[in-house]
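**Q** Here it is, the structure, as C-alpha cells.
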Amino acid sequence: MGCAHGKCCNRDSSTSDEDSGHHQRGIRPYKNKDGLTQRSLELVHVPSHNFTLQYSSLTQNGYYPDTTDRENQDSFCIKTQIQGNPNVHFFGVFDGHGQYGAQCSNFVKDKLVEILSSDPTLLDDPLKAYNSAFLATNSELRDSEIDDALSGTTAITVLVVGDTLYVANVGDSRAVIAVKDGDRILAEDLSVDQTPFRKDEYDRVKLFGARVLSVDQVEGLKDPDIQHWGDEESHGGDPPRLWVPNGMYPGTAFTRSVGDSTAEKIGVIAVPEISIVRLTPSHLFFVVASDGATAKVSYTLDFNACLLQNN
C-alpha cells in the first residue's frame, strides 16, 4: 500500500537492473502483447557451500483502464559477486510511490547496492553495513535532484553470503521462505510489514506527532477517536495512514520508507529491520515481493534463485 495522495500505486511499466558479474550468461528479454517481459534463467555458483543460485526475472505492466500508459514505479536489482566475491550476491525489489516514485525506486536500487559493494566492512559486519547503506542511500536521495517530499520507495532485499540470508526490509513489501516439513511445504516470514497496524510502529510515529487515521476517518465518515483497525491480513481497503497534525498529507500506509522527506517529520524512517536465516536442506526457495515484484529462491545442493517482477 502507498500514499493516499499522489497515489502510491502507479505500477504499470517496469524498470529493472541486472548486474550478474562474471557468471551472467546474457539475458534475452521477451515481451508479449500484454506487457509481460520475461528473461532467461541465469545461474551462479556459490563455491563456499557448493550450491548454485538460479535466477530470472519477469515483469508485467499493471492494468488501469483509465490510464493505460501509466508508468510502472517498481524496480528490481540483481547483483552477483559483490566485491568480486563469488559467495556474495544481492537481490532487491523496490516499490516506488508518489509522483516521483519511479525515479526514487530506480535511484535507490542503484545507490543501495553501490554503497553496499563499496563498504569494506560488509563481510565482517553485514548488519552494520546494511544499516549504514540504507541510511546513506536515504541521505543521497534527499540530496539528489529528485523531489522526494511526497515520493519514495519501499525496499525488500536479500544479501546471500555463503549459506546465510540477510533480509533487510523498509516498508510494506515482503519476503518469505518455503520450508519442507514432511509432505508439506510451509511459508515462513522473513520480514514483517512496517505499518500502523503494528503497535510498536504505531507508538513510534505517534511520538513524532503523526495522526494515524484511515481515509474514512480523515473525511469524517468514521469516528477518528477509534484507534483500532483490526488485523492487517483481514482488513479491508481502508488502512490506517499517517498524516501531519494539521494537514491532509502525506497519507502513507507504511511507517518506514526510503525518501518521503515530509513523512520523515512525523516518524517515517529509512532504518531497515534485518532478519538472518541460515539455509538448510529443508529450505526450498524464498520469495521477495512487493505487489509489483517477486524474487524466488530454492535451496538444495542446487540452490535456485529467481527474481520476478509482476504488475
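**Q** How many percent of the accessible area of the range 45-177 is carbon or sulfur, using a 1.4 Å probe?
**A** 47
**Q** Using the heavy atoms of the protein chains alone and a 1.4 angstrom probe, what is the accessible area of the range 171-222 per residue in square angstrom?
**A** Roughly 53 Å² per residue, with all protein chains present.
**Q** Further, regarding this structure: Convert 20 °C to kelvin, take the viscosity as 1.002 mPa s, use the Kirkwood radius over C-alpha pairs of the range 195-253 as Rh, and evaluate the Stokes-Einstein diffusion coefficient in µm²/s, rounded to a whole number.
**A** The estimated diffusion coefficient comes to 187 µm²/s.
**Q** Please list, in chain and number order, the residues 5+ apart from R174 or on another chain whose amide H is under 5 Å from its amide H, with Hs placed from the backbone.
**A** Placed amide hydrogens put A289, S290 under 5 Å from R174.
**Q** How much length would be gained if the chain were fully extended between K128 and E188, taking 0.36 nm per residue of separation minus their Cα-Cα distance, in nm to one decimal?
**A** Here the segment from K128 to E188 would lengthen by 19.1 nm.
**Q** Still on this structure: For the range 71-136, what size does the Cα cloud have along each of its three principal axes, sorted from largest down, in whole Å?
**A** 38, 22, 14
**Q** While we're on this one: Which loop GluC sites (Glu not before Pro) in the range 174-265, with loop taken from DSSP, have no more than 11 other Cβ atoms within 10 angstrom of their Cβ?
**A** Numbers: sites: E188, E201, E219, E232, E233, E264; in loops: E219, E232, E233.
Of the GluC sites (Glu not before Pro), the ones in loops of the range 174-265 whose Cβ has at most 11 other Cβ atoms within 10 Å are E219, E233.
**Q** Run the quick spin-label model on D225 and N85: label points 7 Å from Cα toward the beta carbon, then report their separation in nm to one decimal.
**A** So the two model labels end up 5.6 nm from each other.
**Q** While we're here: Of F197, Q227, L242, which is farthest on the positive side of the dipole of the range 195-253, counting Cα position, with +1 on Lys and Arg Cβ, -1 on Asp and Glu Cβ, and the Cα centre as origin?
**A** Highest projection toward the positive end goes to L242.
**Q** How much FRET efficiency would the formula 1/(1 + (r/R0)^6) give for L135 and H49, where r is the Cβ-Cβ distance and R0 is 35 Å, rounded to 0.05?
**A** That gives a FRET efficiency of 0.70.
**Q** Work out how much length M248 to L207 would gain on full extension: take 0.36 nm times their residue separation and subtract the Cα-Cα distance, in nm to one decimal.
**A** Stretched fully, the M248-L207 segment lengthens by 12.9 nm.
The values are calculated or read from the model by the stated rules, or taken from the named source; none is laboratory data. None of the values given here were measured: they were computed from a predicted structure. Cβ atoms come from the backbone with ideal geometry, glycine included; neighbour counts cover every protein chain shown. All accessible areas refer to the heavy atoms of the entire protein, side chains included, with ligands and DNA or RNA removed. Shrake-Rupley method; radii C 1.70, N 1.55, O 1.52, S 1.80 Å.
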